[in-house]
Amino acid sequence: MGTEGFSKAGLERMRRVLGDYAEREEVPGYVTLVARGSEGHVEAFGAAQRDTIFRIASMSKPVVAVAALTLVEEGRLRLDDPVDALLPELAHRRVLRTLESGLADTVPARRPITLRDLLTFRLGHGLLMAPPGTYPIQKVMDELGLAVGPPAPDEMPAPDEWLRRLGTLPLLHQPGERWMYHTGSEVLSVLIARAAGEPLPGFLRARIFEPLGMKDTGFYVSPEKIDRLATSYWTNFSTGQFGVYDEARGGQWSRPPAFPSGGGGLVSTADDYLAFAQMLMNKGTYGGERILSRAAVELMTMDHLTDAQKAVSGLTPGDFDAAGWGFGVGVVTRRTELAWSVGTYGWDGGLGTSWRNDPVEGLTGILLTQRMWTSPTPPNICRDFWTLTGGLL
């Protein structure tokens, strides 16, 4: 890949500033990639190589959104049909009267959950941004293994059992009322498999990974590639100590998971994910292969949240002041940073990854690290990467 599409001084600055994180041993290893048209630049730092395989966590969410849209285009799913027929576990929902209510204090759902609700995270269930024990339902979610936390394949049951457990709980909010993070992508993982009539890994491989040449992307790493899987690090939430979260050999991504999690279970490389990003940048095509229609990509990457929904939603206060949500991606609605024009879309992975496409500039940026975020606020390396990306043009 050449570098003619970028400022030489900007690239040198990016290499110097980001290289300091490895020099300080603050981030053990990471890969950066910026691409514009046919030009691009890739750097590997610390313990990482260009072909290092990373756990991309919530960067899995856009992938399953694309998979769902392929089924919509084939007429096997409809955006605004209830999901009840394929997901009877979620039919006839009850909804907590308030978050402070006990599990028996519910009202009927005003309408069924739809595919559009799952894609936009408005199904009425998701991550509760509150300390443990704040609400009665949190205890039950913990007991059922449904609390949202760092990706942990070993802790999830098979898809049917996972959905059965979810179906025993009331919704936290009415369908369509507000955005709640994460759970929509997990339900989507089950829905896609049932609609397709095959397990999610095989469907993704046939419809997305093989056509795009994403040879290192999947839900686990095979033995012949395991030495390329990065060790995952974190700051333990309980002890405050920095250490290993997941080893490569014998770790949670070294074998097929019981639940192939579209919410956070995929592994990938910088070049593999670039192929996926470029497919979206090209309005659904890549290397002569059409994965999605232009209309589907446009629908996926536009903001679907109302002002009223944004006012009561988000992982942190102000999340939606200058952003919205599409189908599995965040969308920039107002420019507040050096990088990323209005209309930029993408998402992050809490195990240390980040991706954006800027259609106005034709620019893609990908940052893959092996250090887990400590909060919903991006770490300094991520913020520096995006600031430096804004100085490349």
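The values are calculated or read from the model by the stated rules, or taken from the named source; none is laboratory data. The structure displayed is predicted, hence computed values, not measured ones. So basically every Cβ, Gly included, is an ideal-geometry build from the backbone, and we count neighbours across all protein chains shown.
To keep it simple, each residue is scored yes or no on (1) on the phi > 0 side of the Ramachandran plot; (2) out of contact with any Gly (no Cβ under 6 Å at 6 or more places or on another chain); (3) free of Cβ contacts under 8 Å to residues at least 40 places away in the same chain.
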site	(1), (2), (3)
R16	no, yes, yes
D20	no, yes, yes
V31	no, yes, no
R36	no, no, no
A44	no, yes, yes
Q49	no, yes, no
V83	no, yes, no
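Within segment 350-378, the set of residues being in a loop (DSSP other than H, G, I, E, B) and more than 17 Å from the chain's Cα centre (by Cα) comprises P359, V360, E361, G362. Being in a loop (DSSP other than H, G, I, E, B), more than 19 Å from the chain's Cα centre (by Cα), over 18 Å from M141 (Cβ atoms) and touching a residue at least 12 places away in the same chain (Cβ under 8 Å) is the filter here; which residues of segment 154-213 pass it? Listed by number, the residues that qualify are A158, Q174, P175, G176, E177, P199, G213. For segment 120-127, check the following and say yes or no: at least one residue is more than 26 Å from S375 (Cβ to Cβ), among the aliphatic types (A, V, I, L, M) and assigned to a loop (DSSP other than H, G, I, E, B). No, that holds for no residue.
Identification of strands (runs of 3 or more DSSP E) wholly contained in segment 1-119 with 2 or more residues that are surrounded by 14 or more Cβ atoms within 10 Å (Cβ to Cβ) and acidic (D, E) yields 39-46.
Determine whether A258 is surrounded by fewer than 16 Cβ atoms within 10 Å (Cβ to Cβ) and either in contact with a Ser or Thr (Cβ under 8 Å, 6 or more places away or on another chain) or farther than 22 Å from N380 by Cα (or both). Here the answer is yes, as A258 does meet what is asked.
The criterion of being within 18 Å of W325 (Cα to Cα) and buried (at least 22 other Cβ atoms within 10 Å of the Cβ) does not hold for L127. Test T168 against the criterion of being in contact with a Phe, Trp or Tyr (Cβ under 9 Å, 6 or more places away or on another chain) and either surrounded by fewer than 22 Cβ atoms within 10 Å (Cβ to Cβ) or over 26 Å from R78 (Cα atoms) (or both), and give yes or no. Criteria not met by T168. Count of segment 337-352 residues, restricted to those that are in contact with a Lys or Arg (Cβ under 8 Å, 6 or more places away or on another chain) and either crowded, with 16+ Cβ neighbours inside 10 Å or among the acidic types (D, E) (or both), is 9. On inspection, W386 passes the criterion of being farther than 27 Å from V72 by Cβ, of a type in the set (F, W, Y) and surrounded by fewer than 22 Cβ atoms within 10 Å (Cβ to Cβ).
With respect to (1) over 16 Å from the mean Cα position of the chain (by Cα); (2) surrounded by 14 or more Cβ atoms within 10 Å (Cβ to Cβ), the lone exception for D272 is condition (1).
Summed over segment 203-221, residues that are in contact with a Ser or Thr (Cβ under 6 Å, 6 or more places away or on another chain), within 13 Å of Y273 (Cβ to Cβ) and not aromatic (F, W, Y) total 2.
Candidates in segment 250-297 are the residues that are touching an Asp or Glu at 6+ places or on another chain (Cβ under 7 Å) and of a type in the set (S, T, Y); of these, the one that is farthest from D227 (Cα to Cα) is S293.
The requirement of being part of a loop (DSSP other than H, G, I, E, B) and more than 23 Å from G40 (Cβ to Cβ) is fulfilled nowhere in segment 278-291; no residue meets it. Can you spot a residue in segment 228-246 that is β-branched (V, I, T), part of a loop (DSSP other than H, G, I, E, B), touching a residue at least 60 places away in the same chain (Cβ under 8 Å) and under 28 Å from S341 (Cβ atoms)? No: segment 228-246 contains no residue that is β-branched (V, I, T), part of a loop (DSSP other than H, G, I, E, B), touching a residue at least 60 places away in the same chain (Cβ under 8 Å) and under 28 Å from S341 (Cβ atoms). For segment 214-223, the set of residues classified as of a type outside the set (S, T, N, Q) and either under 15 Å from V64 (Cα atoms) or not in a helix (DSSP H, G or I) (or both) consists of M214, K215, D216, G218, F219, Y220, V221, listed by residue number. Here is the figure for segment 297-308: residues that are surrounded by fewer than 19 Cβ atoms within 10 Å (Cβ to Cβ), assigned to a helix (DSSP H, G or I) and under 19 Å from the mean Cα position of the chain (by Cα) total 2.
Of the residues making up segment 232-243, those that are in contact with a strand residue (DSSP E or B) (Cβ under 6 Å, 6 or more places away or on another chain) and either modelled with pLDDT under 90 or within 22 Å of A270 (Cα to Cα) (or both) are S232, Y233, W234.
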